[in-house]
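Peer 1: Sharing a structure, written as structure tokens. Questions coming.
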Amino acid sequence: MQKVLIANRGEIAVRIIRACHDLGIQTVAVYSEADAEALHVLHADEAICIGEAPSQKSYLKIPNILSACEITGADAIHPGYGFLSENANFASICESCGLTFIGPSAKAIMALGDKAKAKATAKAAGCPVIPGSNGVVLTLEQALLEVKKIGYPVFIKAVAGGGGKGIRISYNEQDFPKLFTAARTEAEVSFGNPDVYLEKMIVNPRHVEVQVLGDKFGNYIHLGERDCTIQRRRQKLIEETPSPVLSPRIRQRLGDAAVSVVKAAGYYSAGTVEFLLDKEHNFYFMEVNTRIQVEHTVTEELTGVDLVVEQLRVAQGEKLKYRQKDIGFNGHV
């Protein structure tokens with residue numbers, strides 16, 4: 001890769017620019033009319049305006065981003081997080097245009113970005129999963145039959161997106177219909193996809209996620225966990241690593257399970273596998289984030305591994321620089 005266009009803004013764009021410069025790669029920033037003097041614009045080697053302030057007219061406008069690549073001669077795109085980072089169609093278009101998409105393949109995003117499909121992949125890989133519906137439930141009648149098997153309380157969850165959107169908890173049959181409809185409506189508005197699935201609610205769980213890296217040669221490692229149990233309205237407030245409740249044995253099993261999921265999907269680049277941990281420290285697969293995350297720096301501080309640099313190296317077709325035995329955990333972040 002000679003020149004990377006960052007299809008994002010703000011902190012993550014600055015972060016990617018720094019990693020590119022560390023590797024001697026030129027950078028192109030894109031910006032909306034409102035971001036003409038933003039920090040990422042000032043730090044990049046080149047910058048190009050891609051539209052009006054609303055993200056639908058700029059950062060989410062795929063033709064404008066591809067035009068910026070053509071104008072500047074960029075041969076690769078890093079999507080950052082948010083915006084188009086988990087859009088399989090965007091990754092596929094980049095591939096068909098001869099642009100290197102710095103992230104997983106479109107096929108892997110489709111397999112793991114859809115939470116119901118990801119759960120099926122995890123189950124096939126031997127990873128423990130939370131009891132729930134076998135994929136998407138399309139009608140209220142089907143959902144009511146499923147919830148009789150699962151039992152209350154039950155989560156109604158959107159298959160797409162994240163950030164706590166499209167999720168409802170039902171504690172009884174009386175409130176289930178309205179919550180099912182509300183979850184589908186919010187999912188449609190937030191993600192353009194109304195599909196939901198059902199999952200048994202684990203009472204008072206811990207939320208623990210595992211950072212993974214993979215290359216295009218079938219090599220995988222995990223970089224420990226981040227405990228993100230402290231949340232408000234299912235929005236993460238604090239991430240810490242290592243988790244204060246995990247024993248070395250559970251940590252190893254959790255890391256191995258995370259690797260098994262991404263390996264089964266043929267995933268490469270950086271990604272995060274999320275789990276729920278019950279009171280007995282049994283863990284259950286929840287979902288996969290097929291991108292770099294906001295909180296990736298917590299893992300970087302603990303391990304000393306630059307995750308964005310590794311993303312860039314993997315995208316260029318290089319093998320992982322690290323093996324599992326090379327990863328150490330120093331301190332608490």
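The values are calculated or read from the model by the stated rules, or taken from the named source; none is laboratory data. Note that the structure is predicted; figures quoted are calculated from it, not measured. Glycine also receives a Cβ, built like all others from the backbone with ideal geometry; neighbour counts cover every protein chain displayed. Protein only, heavy atoms only, side chains kept; ligands, DNA and RNA dropped before computing areas. Shrake-Rupley method; radii C 1.70, N 1.55, O 1.52, S 1.80 Å.
Peer 1: Is there a residue being of a type outside the set (A, V, I, L, M, F, W, C), at positive phi and touching a Lys or Arg at 6+ places or on another chain (Cβ under 8 Å) anywhere in region 13-34? Break it down into steps so the answer makes sense when it comes.
Peer 2: So in region 13-34, the residues of a type outside the set (A, V, I, L, M, F, W, C) come out as 15, 18, 21-22, 24, 26-27, 31-33.
Pick out the ones that are also at positive phi and you get 24.
Now restrict to residues that are touching a Lys or Arg at 6+ places or on another chain (Cβ under 8 Å): none.
No, the conditions are met nowhere in region 13-34.
Peer 1: Also, quick follow-up: Looking for something out of contact with any helix residue (DSSP H, G or I) (no Cβ under 6 Å at 6 or more places or on another chain) and modelled with pLDDT of 95 or more - is there at least one such residue anywhere in region 108-115?
Peer 2: Yes.
Peer 1: If a residue must be of a type outside the set (A, V, I, L, M), closer than 18 Å to SER96 by Cα and not in a strand (DSSP E or B), how many such residues does region 43-78 contain?
Peer 2: Pass one, region 43-78, residues of a type outside the set (A, V, I, L, M): 43, 45-46, 49, 51-52, 54-59, 61, 63-64, 67, 69-70, 72-73, 75, 78.
From what is left, the residues that are closer than 18 Å to SER96 by Cα are 61, 63-64, 67, 69-70, 73, 75, 78.
Still in the list and also not in a strand (DSSP E or B): 61, 63-64, 67, 69-70, 73, 75.
Selection size over region 43-78: 8.
For (1) in contact (Cβ under 8 Å) with a residue 40 or more places away in the chain; (2) small (Gly, Ala, Ser); (3) open to solvent by 30 Å² or more (accessible area, probe 1.4 Å), each residue gets a yes or a no:
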{"residue": "PRO244", "(1), (2), (3)": "no, no, yes"}
{"residue": "LEU254", "(1), (2), (3)": "yes, no, no"}
{"residue": "GLY266", "(1), (2), (3)": "yes, yes, yes"}
{"residue": "GLY271", "(1), (2), (3)": "yes, yes, no"}
{"residue": "GLU280", "(1), (2), (3)": "no, no, yes"}
{"residue": "GLN293", "(1), (2), (3)": "yes, no, no"}
{"residue": "VAL305", "(1), (2), (3)": "yes, no, no"}
{"residue": "HIS332", "(1), (2), (3)": "yes, no, yes"}
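Peer 1: Which pairs do you get when a residue that is more than 18 Å from HIS21 (Cα to Cα), found in region 34-48, comes within reach of a residue that is part of a helix (DSSP H, G or I) and open to solvent by 70 Å² or more (accessible area, probe 1.4 Å), reach meaning Cβ atoms under 8 angstrom, with the pair 6+ apart or on two chains?
Peer 2: Within 8 Å, the pairs are ILE48/ILE71.
Peer 1: Just to check your reading of the model, which residue among GLU199, GLU188 is in a strand (DSSP E or B) and either modelled with pLDDT under 95 or open to solvent by 30 Å² or more (accessible area, probe 1.4 Å) (or both)?
Peer 2: Step by step, each of GLU199, GLU188 is checked, and only GLU199 is in a strand (DSSP E or B) and either modelled with pLDDT under 95 or open to solvent by 30 Å² or more (accessible area, probe 1.4 Å) (or both).
Peer 1: How many residues does region 1-19 hold that are surrounded by fewer than 24 Cβ atoms within 10 Å (Cβ to Cβ), within 18 Å of ILE71 (Cβ to Cβ) and either of a type in the set (Asp, Glu) or in contact with a Ser or Thr (Cβ under 8 Å, 6 or more places away or on another chain) (or both)?
Peer 2: Counting residues in region 1-19 that are surrounded by fewer than 24 Cβ atoms within 10 Å (Cβ to Cβ), within 18 Å of ILE71 (Cβ to Cβ) and either of a type in the set (Asp, Glu) or in contact with a Ser or Thr (Cβ under 8 Å, 6 or more places away or on another chain) (or both) gives 2.
Peer 1: Something else now. Does region 147-165 contain any residue that is assigned to a strand (DSSP E or B), in contact with a strand residue (DSSP E or B) (Cβ under 9 Å, 6 or more places away or on another chain), among the basic types (Lys, Arg) and buried (at least 20 other Cβ atoms within 10 Å of the Cβ)?
Peer 2: First, pick out the residues of region 147-165 that are assigned to a strand (DSSP E or B): 154-158.
Those still in the list that are in contact with a strand residue (DSSP E or B) (Cβ under 9 Å, 6 or more places away or on another chain) too: 154-158.
Retained after the next criterion (residues that are among the basic types (Lys, Arg)): 157.
In the following step, the residues that additionally are buried (at least 20 other Cβ atoms within 10 Å of the Cβ) were identified as 157.
Yes, some residue in region 147-165 is assigned to a strand (DSSP E or B), in contact with a strand residue (DSSP E or B) (Cβ under 9 Å, 6 or more places away or on another chain), among the basic types (Lys, Arg) and buried (at least 20 other Cβ atoms within 10 Å of the Cβ).
Peer 1: Give me the helices (runs of 4 or more DSSP H) completely within region 80-135, filtered to those with at least 3 residues that are more than 24 Å from ILE156 (Cβ to Cβ), ordered by residue number.
Peer 2: Numbers: elements: 88-96, 106-113, 115-124.
Here the list reads 88-96, 106-113.
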